[in-house]
Amino acid sequence: MRSTAFVNGTVVLPDRLLHDGVVCCEDSKIVFVGQRASLPREVEIIDAKGGVIAPGFIDLHVHGGAGADFMDGTPEAVISACTAHLRHGTTTIFPTTTTGSAQQIKAMIQACAVAAEQLSIKPARAARIAGLHLYGPYFAEDKVGCHAAAGRRSPLVTEFQQYFESGLIRIATCAAELPGADVFYKMARAHDCLITCGHSNSTWNEMQVAFDAGMRHVDHFWCAMSSVPSIRQRCNVPMQGSMAEFVLMHGDMSTEVIADGWHLAPELLEFAFRMKGAERLCLVTDCNRALDMPPGDYRFGNATDGTMFRSDGKVGWAPTGSLASSIVGMDSMVRHMRQNTSASLSQVIRMASLTPAERTGIADQTGSLDVGKRADILVMDEGLNVGEVFVGGFKVSD
């Protein structure tokens with residue numbers, strides 16, 4: 001049996017901090033969390049050196065990294081992107097589709113299945129794939145954003161049923177106003193998915209229909225989503241409530257923010273945190289293949305026919321001048337959220353770990369430093385820069 005003890009750091013729990021705390025693990029599981037205690041003689045000591053001991057991050061919404069996009073549809077691309085995000089503290093990942101052909105989406109699903117099997121042999125090689133996020137292609141025509149417009153469409157059961165039958169889809173997104181959306185949501189519900197509305201110009205009433213069908217989450221708040229003015233333009237008068245109002249009104253709804261410093265100003269991050277709280281707000285990267293890559297031109301989505309965007313080293317830009325996804329990892333999101341909102345360290349870490357775990361049904365396995373959970377653990381310095389990363393108790397090699 002392999003025993004490990006994380007010491008000399010502030011242990012981050014979902015509701016509090018343990019100063020000079022200890023986390024003990026045996027093989028892949030956490031067996032003790034508490035104040036400094038006597039340790040077994042045969043134990044490997046991990047010295048946090050006065051820094052932070054936190055659970056590994058969980059990313060619900062992420063497209064790629066290190067030059068690879070999950071929609072490239074190869075196990076090599078999947079592993080490359082998962083490896084890159086692990087360096088930024090993400091120990092559990094949900095590879096996310098873009099718009100594209102049915103063949104491209106099937107290839108992505110198959111590639112992730114193969115990659116997940118390969119990574120299970122060496123768990124500390126890359127972020128663990130907990131399932132897939134079926135994000136594109138079911139977007140509203142006027143809310144495609146940086147995704148390829150030619151690859152968007154309304155949902156057809158003959159198509160999406162194949163995706164769900166793979167058994168890998170854990171998060172499922174569809175614009176609520178599209179014909180067939182209710183059937184999509186009900187099938188996603190039958191497969192125990194986190195059901196999401198995104199890239200949508202839906203009205204309050206359309207959101208209510210989706211909610212009744214099981215939808216409980218909205219993608220990247222304020223980005224590619226309806227607003228009262230956009231609904232006014234679509235539906236005339238009287239002015240109607242939009243996705244934003246629906247999410248803020250309903251306590252059961254959760255959402256996510258891209259806290260990279262470019263998508264949302266600090267006041268919007270603060271507003272989202274105060275309105276939804278750490279239990280219903282997730283941090284996501286929505287990151288593309290430009291993560292850890294030099295500035296330049298890249299494709300968003302499939303390497304052959306995805307849309308072009310430009311990375312300036314800080315964020316992605318579409319040719320139209322609009323934003324084209326993030327290019328930084330979850331560690332950057334955590335630092336920015338901590339520095340620019342009133343959220344405590346425990347709350348910020350929760351939004352990047354336990355909250356996404358709860359929303360996707362894996363909180364019994366990971367997402368917090370609790371006895372019995374998998375030893376997915378980060379050692380960070382006081383500035384929340386990631387130092388050492390452990391996946392299932394195994395240290396990630398440099």
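The values are calculated or read from the model by the stated rules, or taken from the named source; none is laboratory data. If you're wondering where the values come from, they're calculated on a predicted model, not measured in any experiment. Cβ sites come from the backbone with ideal geometry, for glycine too, and all protein chains shown count toward neighbours.
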Criterion (buried (at least 24 other Cβ atoms within 10 Å of the Cβ) and among the β-branched types (Val, Ile, Thr)) met by exactly one of Val315, Val257: Val257
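Among what's in segment 264-306 and is assigned to a helix (DSSP H, G or I) and free of Cβ contacts under 8 Å to residues at least 24 places away in the same chain, pick the residue that is surrounded by the fewest Cβ atoms within 10 Å (Cβ to Cβ). I'd like the intermediate steps shown before the answer.
Filtering segment 264-306 for residues assigned to a helix (DSSP H, G or I) gives 266-276.
Right, trim to free of Cβ contacts under 8 Å to residues at least 24 places away in the same chain and you get 267, 271.
Numbers: Glu267: 10, Phe271: 17.
Here the answer is Glu267.
Looking only at segment 158-181, count how many residues are touching a Lys or Arg at 6+ places or on another chain (Cβ under 8 Å) and not aromatic (Phe, Trp, Tyr). Give the derivation first.
Step one: filter segment 158-181 for residues touching a Lys or Arg at 6+ places or on another chain (Cβ under 8 Å), giving 162-163, 175.
Next cut, not aromatic (Phe, Trp, Tyr) only: 162, 175.
Final tally of qualifying residues: 2.
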Condition check for Arg189: out of contact with any helix residue (DSSP H, G or I) (no Cβ under 8 Å at 6 or more places or on another chain) and basic (Lys, Arg): yes
Unmet requirement for Arg16, which otherwise passes all of (1) modelled with pLDDT under 95; (2) of a type outside the set (Gly, Ala, Ser); (3) exposed (fewer than 14 other Cβ atoms within 10 Å of the Cβ): (1)
Considering residues of segment 57-99 that are surrounded by fewer than 24 Cβ atoms within 10 Å (Cβ to Cβ) and out of contact with any strand residue (DSSP E or B) (no Cβ under 9 Å at 6 or more places or on another chain) only, the residue farthest from Ile377 (Cα to Cα): Gly73
Residue list for segment 336-355, filter: assigned to a helix (DSSP H, G or I) and either of a type outside the set (D, E, K, R) or within 15 Å of His263 (Cβ to Cβ) (or both): His336, Met337, Gln339, Asn340, Leu345, Ser346, Gln347, Val348, Ile349, Met351, Leu354, Thr355
